[in-house]
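Shown next, in structure tokens, is the structure this report addresses.
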Amino acid sequence: MRPSGAALHLDLFERPAGCVRMLEGSGPATLWAPRGPALGVYVHVPFCVKRCGYCSFNTALYREAAVPRYLAALAREIDLAAGAPWAAAVPISTIFFGGGTPSLLTPPQLVSVLEHLRARLAVAPDAEITVECNPESVSPERLTGYRAAGVTRISLGVQSLDDRVLTSLDRAHSAAGARAAFETARRAGFDNVSTDLIYGLPGLDLATWETTVRGLLDWGPDHLSAYGLTLDEGSRWHATGMTGLPAEDTVTEQYRVLARRAAETGFEHYEISNYARPGRRSAHNQIYWRAEEYLALGPGACGFLGDTRYGNVKATERYCAMLEAGTLPIATHETLTARQRLAERLLLGLRLSEGVPDAWLAERVALEPGRLPALLDSWRERSLLVSGGGRSHLTETGFLLSDALFVELL
Ligand code: SF4
């Protein structure tokens, strides 16, 4: 059995490639007003030096000459967002530069974006500011520059500590290069470094995975994200097919090994695919899982404001052209019904170890009182779901089986 809910991509809420279920239409003249007291900001930097075989994210081939046009368009998008009547009054609590490869930006380029965000939006002085970095694009100068610019957190795409696996993934770094990048981040002053791994990979046996997990935890990262491979549409592997994938019970065992080792090392398993030392949970990603609101900037970025989920145009060329014409680059948007909102809050909240208020479950049960109480009882009886203190949460095994519950709660 493949660990459910633990897929490589959090498309709908984290990644620009996943703005599904939205209606094609012309973009609005101004952004929707948020409901909540604060916002996160997701900034998509699409550039990559090459495309990894498993990748379905919205990427563009890196050309140094293309970056200034992208940055000018991004600045224009920030201006348009700042023109919304509510913008000055809503604090920005987190900023996440995702990609693509954000660490292809030089420190002056990153500074220009951050300065513009701070000048035009109400960025909180203590905002968590994360930059995703690929190991091969990390240098002491680059990370020292990022730190000086106010970046508080580095998310390092390690993926594997086996060079054979890294080569099969088309990654441009080696295991030694990833370790060096981690140490560079520490020396640059980052006391909050997250690392990413992928399991369920072709040719990845349990022993190699366990060695990778142990090796990575020995570095002493503050946060660990580990996603099970999925062959998503848009990836080369999806198009061409992929052989050599491990059996489902091997993938399940890889998930369990990771959870066990992380717990032994003092990590909290706070979300299906995420582990953190106490106090080091990702503030930005918790915005997604708590179904809170965030602004989307950059090609293909997705946002959630008020009751509306929206996505920007994906092609970098078109994104730039729309902003040069003074238009918000929104391609798709969908206003959620009350029922959709409830389902999203439940499905996202149950990904977290903190779970959801029982009142939310009761609201959902009231819509199907004949079917859902027995289903939830059976999950509790099998110790997959635990209720107490007014909240319900999935257990470690419940996480593993969560897709089956999520389908029922939709
Ligand atoms: S570096 Fe990341 S975003 Fe770029 S192609 Fe590889 S997986 Fe995709």
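Things worth noting here:
- Dipole of the chain, positive direction: furthest Cα of C48, M322, L350, with charges on the beta-carbon: M322
- Protein heavy-atom accessible surface, 1.4 Å probe, per residue over the chain: 38 Å².
- Residue with peak Gaussian network fluctuation, the chain [Cα springs, cutoff 10 Å], from V356, V386, V131: V386
- Inter-centroid distance (Cα atoms) of region 238-286 relative to region 82-147, Å: 27 Å
- Of the trypsin sites (Lys or Arg not before Pro) found in region 314-410, the ones in coil according to DSSP and having at most 16 other Cβ atoms within 10 Å of their Cβ are R371, R382.
- Accessible surface of the chain, 1.4 Å probe, proportion on carbon and sulfur as whole %: 55 percent
- Electrostatic bookkeeping for S112 treats Lys and Arg as +1 and Asp and Glu as -1; over the other residues with beta carbon under 14 Å from its beta carbon, the sum is +1.
- In the complete set of protein chains, residue-level accessible area for I129 is approximately 10 Å², probe 1.4 angstrom.
- Between A325, A226, A301, the Gaussian network model of the chain with springs among Cα atoms under 10 angstrom shows the greatest mean-square fluctuation at A325.
- Since only C133, W360, S160 are under comparison, the one whose Cα sits farthest along the positive direction of the charge dipole of the chain, derived from C-beta charges on Lys, Arg, Asp and Glu, is C133.
- For region 155-201 versus region 344-401, the gap between their alpha-carbon centres in whole angstrom: 35 Å
- Applying both filters, DSSP loop and at most 16 other Cβ atoms within 10 Å, to the GluC sites (Glu not before Pro) of region 248-356 gives E354.
- Net lengthening on full extension, A172/E317 (0.36 nm per residue, minus Cα-Cα): 49.7 nm
- Label-point gap, in nm, between D191 and V407 - each point 7 angstrom along Cα→Cβ: 4.7 nm
- Kirkwood hydrodynamic radius computed over region 338-410 comes to 12.0 Å, based on all pairs of distinct alpha carbons.
- Magnitude of the charge dipole, region 11-289, Cβ model with Lys/Arg +1 and Asp/Glu -1, debye to 20: 600 debye
- Taking the empirical scaling 2.2 N^0.38 Å for compact globular proteins as reference, region 11-289 has a Cα radius of gyration ratio of 1.01.
- Added length on full extension, which subtracts the Cα-Cα distance from 0.36 nm per residue, E115 to E268: 51.7 nm
The values are calculated or read from the model by the stated rules, or taken from the named source; none is laboratory data. What you see is a predicted model, and the numbers here were worked out from it, not measured in a lab. Ideal geometry is used to build each Cβ from the backbone, glycine not excepted, and the neighbour counts take in all protein chains shown. Note: areas computed on protein heavy atoms with side chains; ligands, DNA, RNA excluded. Shrake-Rupley method; radii C 1.70, N 1.55, O 1.52, S 1.80 Å.
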